[in-house]
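These notes are about the structure you will find just below.
Please treat every number below as a calculation from the coordinates, not as lab data. A quick note: this is a predicted structure, and the numbers were derived from the prediction, not measured. Cβ: placed from backbone, ideal geometry, glycine included. Neighbour counts: every protein chain shown.
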Amino acid sequence: MKLTIPAAVLAAAFCLNALAGECPADKMTPDGAGQKPYPTAPQGVTDRLLASNDLSQDSIALKGRLFRTRELVVAPGWVVPWHDHGDRPAMIYIVSGHVTEYASTCAVPIQHKAGEVPAEKAPTMHWWKNNGKVKAAIISVDLFPTEMKMDDHMM
């Protein structure tokens, strides 16, 4: 399989496990004691499915899961709504721009910039905002439960 330049860059970013902005150790809180819910629907965000693979049909036979890749573009000043990753682990690659994460497990907002790959996992619940002046482009790779339906309250 031949990788295109953008695909090769993305693959390298995931393989190198780029250090993502994280909650400072002294600001970590029990789940729910950190940042609070805010938006309940996406605002100024485009969400485009790039690819998905039904893992129940794959040789690993992981029933009830889609391995999927999406591109999200967040306009300046807009948000990805409050959501959780209790049953949907993900890795997020910040392609361009920067976003601020408001997590239930951190007392302060967390900054993420281009080139970082933050992990999203339980028990974190969070929302993101583009506080910058340019669009933020994000690639999201997750294990999406097939029984879950996408709606306006999750990303």
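So here's what we get for this one:
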{"quantity": "Residue-span extension gain [Asp26 to Ala51] - 0.36 nm each, minus C-alpha spacing", "calculated": "5.2 nm"}
{"quantity": "Surrounding net charge for Ala107, when Lys and Arg each add one and Asp and Glu each subtract one, Cβ distance under 15 Å", "calculated": "-2"}
{"quantity": "Where GluC sites (Glu not before Pro) fall in DSSP loop in segment 69-155, at most 13 other Cβ within 10 Å", "calculated": "Glu147"}
{"quantity": "Gained length - Leu143 relative to Ala61, 0.36 nm times residue gap less alpha-carbon distance", "calculated": "28.2 nm"}
{"quantity": "Rough spin-label spacing in nm, given labels placed 7 Å along Cα→Cβ, for Ala114 and Gln43", "calculated": "2.6"}
{"quantity": "Cα-Cα over 27 Å, subset of Lys36/Lys121; Lys27/Lys63; Lys63/Lys113", "calculated": "Lys27/Lys63; Lys63/Lys113"}
{"quantity": "Cβ-defined net charge surrounding Thr69, 11 Å radius [Lys, Arg +1; Asp, Glu -1]", "calculated": "+1"}
{"quantity": "Counted charge near Cys23, where neighbours are those whose Cβ lies closer than 14 Å (Asp, Glu -1; Lys, Arg +1)", "calculated": "-4"}
